[in-house]
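Engineer: First, the structure itself, so that you have it in front of you.
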Amino acid sequence: MSEANPIVKMLSWKTRLLETHEIEAILASLASLPNNPFTLTELSQLLPPNIAADKNKRRSVSTLLTNLQEIGYLYRPSARKWMKKAATLSHFLSPLLIELNQLEKTPLKVQAREKRVLNIGGA
């Protein structure tokens, strides 16, 4: 079994009831939705049965959607609906990763500290 994608691992940090393969399934289900507002119920119909049937896991799916909203991939046009800002999470993240790469290449501007010499011994 291959190791989980690092971004999927990071998404799992706030959704402790969902395993990484379940988060991958949720992301795949999100990607299969058209770019229209959707409800958690509509998304649940696309999820694997072990997630859709488990009340606690569905609650964690809601938490994952909130996390995806916090990073900007999703937004809420109404209290019970979600909408994607891009077709997939990877499409959403691509320009942000390029931007991050540019930030990392930008030299840090640090002001030089003034050197002070301490004179000990009365000289």
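Each value in this text was obtained by applying a stated rule to the coordinates, not by laboratory testing. Keep in mind that what you see is a predicted model, and the values were worked out from it rather than measured. Every residue, glycine among them, receives a Cβ derived from its backbone with ideal geometry; neighbour counts consider all protein chains shown.
Engineer: Looking at region 1-102, which GluC sites (Glu not before Pro) are DSSP coil and have at most 12 other C-beta atoms within 10 Å of their C-beta?
Structural biologist: In loop regions of region 1-102 (DSSP not H, G, I, E or B), the sparsely surrounded GluC sites (Glu not before Pro) are 3.
Engineer: Taking trypsin sites (Lys or Arg not before Pro) as candidate sites, keep only those in a DSSP loop with at most 12 other Cβ atoms within 10 Å, then name the longest stretch of the chain containing none of them. Walk me through the intermediate numbers first.
Structural biologist: Values: sites that count: 16, 80, 109, 113, 115, 116.
Longest stretch, sites excluded: 17-79.
Engineer: Shifting gears a bit: So how tilted is helix 89-105 from the main axis of the chain? Cα-based, degrees 0 to 90, rounded to 10.
Structural biologist: The angle comes out near 0 degrees.
Engineer: Another question, if that's okay. If I take every Cα pair under 8 Å that is 6 or more residues apart in the chain, average their sequence separation and divide by the length, what percent do I get for the relative contact order?
Structural biologist: Here the relative contact order equals 23 percent.
Engineer: While we're looking at this one, here's another question. On alpha-carbon atoms, Rg over Rh for region 1-45 using Kirkwood Rh?
Structural biologist: Using Cα coordinates only, the ratio equals 1.02.
Engineer: To test your reading of the geometry: what angle, between 0 and 90 degrees and rounded to tens, separates the Cα axis of helix 20-32 from the longest principal axis of the chain?
Structural biologist: It works out to around 70 degrees.
Engineer: Can you give the convex hull volume per residue for the Cα atoms of region 66-114, as a whole number of Å³?
Structural biologist: Dividing the Cα hull volume of region 66-114 by its residues yields 107 Å³.
Engineer: Further, regarding this structure: Please work out the Cα convex hull volume for region 41-94 and give it in Å³ per residue.
Structural biologist: 85
Engineer: Looking at the calculated P(r) for the chain, what percent of the C-alpha pair distances fall above 19 Å?
Structural biologist: 57
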